[in-house]
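Pasting a structure here, questions to come.
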Amino acid sequence: MTSLAADGPRGRVRRRPLFRAPSIIPGFGLTFGLSLTWLCLIVLIPLSAVFIKTAGMGWQHFADVALSERAIAAYRLSFGASLGAAFINAVFGLLIAWMLVRYDFPGKRVVNALVDLPFALPTAVAGIAFTTLYTANGWIGRVLEPLGIQVAFTWVGVVITLIFIGLPFVVRSVEPVLADVSRDVEEAAASLGATRAQTFRRVILPAIFPALMTGFAMAFARGVGEYGSVIFIAGNMPYRTEIAPLLIITQLEQYDYQGATGIATVMLIASFSLLLVINLLQAWSRKRTVD
Amino acid sequence: MRNGATSESRLARAVIMAIGLGFFGLFLLMPLLVVFAQALAGGIGAYLDAIVEPDALAAIRLTLLVAAISVPANIVFGIAAAWAITKFDFPGKSILITFIDLPFSVSPVVSGLIYVLLFGAQGWLGPWLAEHDIQIIFAVPGMVLATIFVTFPFVARELIPLMAEQGRDDEEAALSLGATGWQTFWHATLPNIRWGLLYGVLLCNARAMGEFGAVSVVSGHIRGETNTMPLHVEILYNEYNFIAAFAVASLLALLALVTLVLKSLLEWRYDYHGKGTGH
């Protein structure tokens, strides 16, 4: 309270701040200090612990634990299944976004609200729900099993749950950009003799492509680290259906802290690289929309 | 085929709708329905028994406690960070925003692991904590920390674009009329950002109550003591106690539905999101 008041416009003559541009609005010291301290204590220092612990391991030991055969198999499943799910979401997410932006139909508001379900539904709940649906006597498993398609406890199940987890990222990235595509441009294309398919491919798709890529990358990034929804359906067999986050937990339960930290380092480097890619894609998308 | 290039043929439209709604039903509607169907599979009596069971009640209490600490912590941080970032100009602002967003891109399991590395028995502060008989990992403080970490960006990232768009005119006007900093915040800023704040808090709370991976790493998994609702669901499910697992899960699903309804209401009633709340 006092720091805000003392800093206020009625106070003493203000000296020019060293670090920031001058402003009559008070509270910079308090709010900046509070957020920076909190950020360091909760996020930056704990995250740096992973890298510092890994650095102390030595390269050889790091390679042994983080690039072991079992770890590589886990990365392959986590990254491969996320990539597959993100591709499927790019197609169907675009289709659902199209439906929500361009068409009117009964129940549209419900569909629109439920698209965000994966953001709101706890991952463990999604995990047991999907497992129950796809086991041999589940609503969907019952249909697929006689056809010889097994989803539960295989990598297919991992892809299925990751589709659920990633869907809203694609829909919500594409939706606003699609709504902004001007009908004038489409009419111009039409009057120049383009078919609907040509208009979509040549006019609409280029306009929404950066947003679609952003949604794709976000869905992919989320899938790579996903844990709760996947472990119930995955089967969790080492080398075959074990995702990377589960391997971290397994190492921790065996008190192998170095093994867990090594794999966590690989995951963190992957997520930070993806974060960079997503930021670049978003910048590209914004530039497109402004142009 | 009138307007052949500005809208689809009726057939194409019907096919798109059918595929879209089919996908929606398969991936969003069915998982939601199966939760309630399984929870009520043994009748309403078995459902209620599973919820009022002491371990389930303890899990509900712990979930509420963890959310009651982590959500307000994130509200204070979110408002402070948004104030510093949007009301002042200083170098390094975009780096600060990126750091605030960082927890969203970290795997939940890694989010739990980092606190084990800090406060666990083999961690940096482990020996000191053991000496002073303070337990953080495998206890409630660790679960609160992990929850704060995973929900860290929610409020701030909702407020930063909103407050940036609203600019500084209202605050500068209030201050030049003689208001103190706090008065300016309460009477000029807060009314402008309340719906955005509510929106962020809503999503923050849903994640705080539903977090599984991060909390799982730092929880002791002791029934009735360090199990939140999602962890309790896992234990019941792994014991093949499906009705009880889905009964507790249905409460979390209801929380998700309430969150979505309120969120839709905010977007619809106040035309909020992307456009700002205005007055």
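The values are calculated or read from the model by the stated rules, or taken from the named source; none is laboratory data. Small disclaimer: the values here were computed from a predicted structure and weren't measured. Neighbour counts run over all protein chains shown; Cβ positions are idealised from the backbone, glycine included. Heads up: the accessible areas ignore ligands, DNA and RNA and are worked out on the full protein's heavy atoms, side chains in. Shrake-Rupley method; radii C 1.70, N 1.55, O 1.52, S 1.80 Å.
Helix-derived [θ] at 222 nm for chain A: sum -39500 (n - 2.57) over DSSP H runs of at least 4, divide by residue count, nearest 500?
After summing the helix terms and dividing by the residues of chain A, the value is -22500 deg cm²/dmol.
With every protein chain left in place and a probe of 1.4 Å, what is the accessible surface of A:Lys287, to the nearest 10 Å²?
Its heavy atoms expose roughly 130 Å² to the probe.
Which distance in Å, rounded to a whole number, links the C-alpha centroids of region A:238-291 and region B:2-66?
So the two Cα centres are separated by 28 Å.
When Cβ neighbours within 10 Å are restricted to other protein chains, what is their mean count per residue of peptide A:30-41?
That works out to 6 on average.
Here's another thing I want to ask about it. Give the cross-link partners of A:Lys53 among the aspartates and glutamates, using a straight C-alpha distance below 17 Å as the criterion and excluding same-chain residues fewer than 8 apart.
Output for A:Lys53: A:Asp64, A:Asp256.
Which is the longest run of chain B containing none of the GluC sites (Glu not before Pro) found in DSSP loop states (not H, G, I, E, B) with at most 16 other C-beta atoms within 10 Å?
Longest site-free region, per DSSP loop and neighbour criteria: B:1-224.
Report the local net charge at A:Phe119: Lys and Arg +1, Asp and Glu -1, summed over other residues whose C-beta lies under 11 Å from its C-beta.
Net charge in that neighbourhood comes out at +3.
Taking region A:215-256, which chymotrypsin sites (Phe, Trp or Tyr not before Pro) meet the DSSP loop condition and have no more than 12 other C-beta atoms within 10 Å?
When the chymotrypsin sites (Phe, Trp or Tyr not before Pro) of region A:215-256 are filtered for loop state and at most 12 Cβ neighbours within 10 Å, A:Tyr239, A:Tyr255 remain.
Keeping all protein chains in place, calculate the accessible area per residue for the protein assembly as shown (probe 1.4 angstrom), answer in Å².
Computed with neighbouring chains in place, this is 44 Å² per residue.
Enter the accessible area of A:Phe200 (Å², nearest 10), with the probe set to 1.4 Å and all protein chains included.
Around 60 Å² of this residue is reachable by solvent.
With a ≥ b ≥ c the root eigenvalues of the C-alpha gyration tensor of chain B, is it rounded (a/c under 1.5), prolate (a/b larger than b/c) or oblate?
oblate
When the dipole is taken about the Cα centre of the protein assembly as shown, and only Lys, Arg (+1) and Asp, Glu (-1) are charged at their Cβ, what size is it in debye, to the nearest 20?
Magnitude of the dipole: close to 1580 debye.
Okay, moving on. Per residue of B:94-106, what is the mean number of Cβ atoms on other protein chains within 10 angstrom of that residue's Cβ?
5
By a straight-distance test (C-alpha under 15 Å), which aspartates and glutamates pair with A:Lys287 as possible cross-link partners, with residues fewer than eight away in the same chain excluded?
A:Asp180
Report the accessible surface area buried between chains A and B, summing both sides, using a 1.4 Å probe on protein heavy atoms only, in Å² rounded to the nearest 100.
Summed over both sides, the interface buries about 8400 Å².
Here is a follow-up. Excluding residues on the same chain fewer than 8 positions from B:Lys263, give the lysines whose Cα lies under 23 Å from its Cα.
A:Lys108, B:Lys275
Right, next: Rank these residues by their accessible area, most exposed first, probe 1.4 Å: A:Arg201, A:Arg109.
Heavy-atom accessible area, descending, gives A:Arg109, A:Arg201.
Then there is this: Report, as an integer, the average count of C-beta atoms from other chains found within 10 Å of each Cβ along B:70-81.
Shielding by partners across B:70-81 averages 3.
How many Å³ per residue does the convex hull of the Cα positions in the protein assembly as shown occupy?
For the protein assembly as shown, the hull spanned by Cα atoms encloses 182 Å³ per residue.
Okay, moving on. For region A:176-210, state which residues have at least 40 Å² less accessible area in the presence of all protein chains than in their chain by itself, taking the probe as 1.4 Å and leaving out ligands, DNA and RNA.
A:Arg196
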